[in-house]
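Right, one structure below, let's go through it.
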Amino acid sequence: MSTIELPESHAFPPQVLRDYAVLADGERAALVGSRGEVCWLCAPRWHDEAVFATLIGGGGVYAVTPEERYVPGGHYEEGTLIWRSRWITQSGIVECREALACPGDPDRVVLLRRVEARQGPARLRVVLHPLADYGAEPLSEPHRDERGVWTARVGGLHLRWTGGAAARLTDDPDDRGAASGGHAETGGPGPDSGAGSRRATRLVLDLRLDPGQRHDFVLELGRTAPNGPPPEPDAAWARTEQAWREAVPTLDHTVAAGDARQSYAVLRGMTGASGGMIAAATTSLPERAEEGRNYDYRYVWIRDQCYAGQAAAAAGEYPLLDAAVRFIGARLHEDGPGLSPAYTVDGGPVPDQRELDLAGYPGGYDRIGNRVNRQFQLDAFGEALLLFAAAARADRLDGDGRRAAEIAADAVARRWQEQDAGIWELEPRAWTHSRLICSAGLRALAAAGPPGPRARRWTALADTLLAATSATALHPDGHWQRAADDPGLDGALLFPALRGGLPADDPRTRATLAAYKERLTDHHYAYRFRHDDRPLAAAEGAFVLCGFATALAEHQQGREVEAYRWFERNRAACGAAGLYAEEYDITQRQLRGNLPQSFVHAMMLECAARLAGADGVPERPTSSRGPRR
């Protein structure tokens, strides 16, 4: 890939992650910064090339920014991913309402932006500068028709932009043009302005609004040329509002219902028509500066989607559960015991990891693709079994789902003695969590269906896994250790008991929780495991997923005050838009890693449901199984 000069990387440099909002429609997502810049959008699907990529040092931006000095803010409309950027300027208050039009079309991006002068007049600069292939391919064949609608090509995509009739083509990133002295209206060069130009690759508009006036922009990007008239803004907004109303429940029966509802909206926005839920909307945002821990998460991780499905089941809201069962069931039917840990949203293979010739987000690299495509993760089968068991308890497991559950159980029987990469995708080893979560899944599946030979076989296999793991991976102090050859603790070891694999009062359960809190937590923030002798916060950020898991573990032990302390501490570890990343740097109070991280939102939702008493945890055995030592 060749690179070109990227002035937007200087005009709109990356910000701290807490300042971003995400727009999503199930098929792709856009990140919006506090300066009104869309700095990340892959089109037309999640894992396709970015046309706006200044987030990771690439090119391309779509910005609506006040011309005056301003203080930024914003918020989501409740239960949606409709974002309202809000700026207090020296002249008044201006807002930009923005969303990806819903329901999302897999083949076409429709990005809605509505600017309104809420108080006083507004002066804004609008820049549309798409660059395909992360910044390598500029706009071509720009044309403005007699209606003032722009069309162009950008790489292999067709673009159409309405609302920018008065925009001018320019190659000067500092071009401010002549003040219009009025409103955005058709003017300037004629309809064929810029056609054939090699350098005039950005559209710039000076937008002037009187108090109370509003102006709509609609951007479309697709693999085929737009067919028919452009979307009518009022109708597109109405459809989008209706889609969110129908998709996101009130969740009034949960703790912190507003935040639970927002997490549900995030999960819904990350879940496509195929049923697959993307792990995160972005790539290459570092978990730790200059340590190489930055990855591409624009794919469907089996484990992550199982967490989301189980969270939806706990909340009693089943569309996300059904989507997870459908997508993961299809993967098991296709790949059986060769199930991959992750797939594209279409169920295809994750591409190999490679680096782009970009600067990357500061402290990170510019990686796309993921090496997970070469891994075996045993725990994915256990999580799938837990998902299918949750669906069965809700009477939502059809024949295909039951057969997929049997495939997963048979895969565990065949492969449980193999070494695997585990939940944290490390070097192959007999990870304790992988075996215990498979034991929990087998036990849950057996309990969720009718008694009979299969249920007895699954229960016996669960007993075998638990006994074998107890014999090799129980620490002399009585708690679970990471692996037979690794005596360390791990936040993942809280999950088997949470999923019913062991009783809450099992000494191993209690010893593991006590040791974990003592050695791997700090003021109600939790870490995955100890990397080395450095202080926990010096090695990596607090892992928000583990913080919510600790809240659930305290709840399981009946310590409700402690459960709420853990819940509230980690509920607050989000950005201004309420989005969670994978990690939270407690020293700098900053988000770390890709954004938004779906499995954190899933665990937050599950906590909100279970702490309120909507506890769908399977019946736990009344006595421990397998030997202890």
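With the simple model of a label 7 Å out from the Cα in the direction of the Cβ, Ala467 to Arg118 spans 6.5 nm. Here the contact order of the range 248-611, divided by its residue count and restricted to Cα pairs under 8 Å and six or more residues apart, works out to 19 percent.
Which shape class applies to the range 224-320: rounded if a/c is under 1.5, otherwise prolate when a/b exceeds b/c and oblate if not, where a ≥ b ≥ c are the square roots of the Cα gyration tensor eigenvalues?
Details: a/c = 2.02, a/b = 1.14, b/c = 1.76.
Cα axes put the range 224-320 in the oblate bin.
Quick check for you: which residues of the range 84-105 have the amide N under 15 Å from the point 7 Å beyond the Cα of Arg69 toward its beta carbon? The answer is 88-92.
Working out 0.36 nm times the residue gap between Leu426 and Asp398, then minus their Cα-Cα distance, what length gain in nm do you get to one decimal? So the chain would gain 6.6 nm between Leu426 and Asp398.
What is the distance in Å between the Cα centroid of the range 540-571 and that of the range 416-444? Using only Cα atoms, the two centres lie 23 Å from each other.
Sorting the segments 352-362, 151-161 by their mean number of nearby beta carbons within 10 angstrom, highest to lowest, gives 151-161, 352-362.
Cut-off is 10 Å between beta-carbons; in what order do Asp366, Asp532 appear when sorted fewest neighbours first?
Arranged by neighbour count, lowest to highest, Asp366, Asp532 become Asp532, Asp366.
Which order, highest average first, do 312-322, 445-455 follow once you tally other Cβ atoms within 10 Å for each residue and take the mean per peptide? Before the final figure, lay out each step's value.
Working: 312-322: 21.6, 445-455: 16.1.
Final packing ranking: 312-322, 445-455.
Counting charges near Ala117 (Lys, Arg +1; Asp, Glu -1) among other residues having Cβ under 15 Å from its Cβ returns a value of +3. Under 5 Å between amide hydrogens, built in the peptide plane, is the criterion, and for Gly57 it picks out Gly360 among residues at least 5 positions away or on other chains.
Each Lys and Arg adds +1 at its Cβ and each Asp and Glu adds -1 at its Cβ; summed about the Cα centre, the chain shows a dipole of about 1320 debye. For the range 8-245, averaging the sequence separation of C-alpha pairs within contact (under 8 Å, six or more residues apart) and dividing by the residue count gives a relative contact order of 19 percent.
Give me the number: length gained by fully extending Ala238 to Glu418, i.e. 0.36 nm times residue separation minus the C-alpha to C-alpha distance, one decimal in nm. It would help to have the intermediate numbers written out before the result.
Working: separation 180, 0.36 × 180 = 64.80 nm, distance 5.27 nm.
Length gained between Ala238 and Glu418: 59.5 nm.
When only Cα pairs below 8 angstrom with a gap of at least 6 residues are kept, the chain shows a relative contact order of 13 percent.
I need Phe548, Phe376, Phe217 ordered by Cβ neighbour count within 10 Å, fewest first.
Working: Phe548 28, Phe376 18, Phe217 24.
Lowest count first: Phe376, Phe217, Phe548.
Cα gyration tensor of the range 248-611, axes a ≥ b ≥ c as square roots of the eigenvalues: rounded (a/c below 1.5), prolate (a/b > b/c) or oblate? Because its axes are fairly even, with a/c under 1.5, the range 248-611 counts as rounded. Note on Arg371 and Gln353: the extension gain reaches 5.9 nm, defined as 0.36 nm multiplied by sequence separation minus the Cα-Cα distance. One equal scatterer on each Cα of the chain, no solvent, Debye formula: the resulting log10 I(q)/I(0) at q = 0.07, 0.08 Å⁻¹ is -0.44, -0.57. The range 501-526 and the range 246-269 have Cα centres spaced 29 Å apart. Could you tell me whether the range 8-245 comes out rounded, prolate or oblate from its Cα gyration tensor? Rule is a ≥ b ≥ c as square roots of the eigenvalues, rounded for a/c under 1.5, then prolate if a/b exceeds b/c, otherwise oblate. Rounded, because the longest to shortest axis ratio a/c is under 1.5.
Given Cβ point charges of +1 (Lys, Arg) and -1 (Asp, Glu) and nothing else, what value in debye, to the nearest 20, does the dipole of the range 88-135 about its Cα centre take? Before the final figure, lay out the partial values.
Numbers: 7 positive and 6 negative charges, 64 e Å.
The dipole magnitude comes to about 300 debye.
Each part reduced to its alpha carbon centroid, the range 296-348 and the range 122-154 end up 36 Å apart. Here is how the number arises for the chain: DSSP H runs of 4 or more residues each give -39500 (n - 2.57), the sum is divided by the residue count, and the result at 222 nm is -10000 deg cm²/dmol.
So which trypsin sites (Lys or Arg not before Pro) in the range 5-78 pass both tests, a DSSP loop state and at most 14 other Cβ atoms within 10 Å of the Cβ?
Passing both the DSSP loop test and the Cβ count: Arg69.
With r as the distance between the Cβ atoms of Val561 and Glu77 and R0 = 35 Å, compute the FRET efficiency 1/(1 + (r/R0)^6) and round to 0.05. Kindly include the intermediate steps, with their values, before the conclusion.
Details: r = 34 Å, r/R0 = 0.96.
So, using R0 = 35 Å, E works out to roughly 0.55.
Since every read-out is calculated from the coordinates, none of them should be taken as a lab result. In this text, all values refer to a predicted model and were calculated from it rather than measured experimentally. Here the Cβ is made from the backbone with ideal geometry for all residues, glycine too, and neighbour counts use every protein chain on show.
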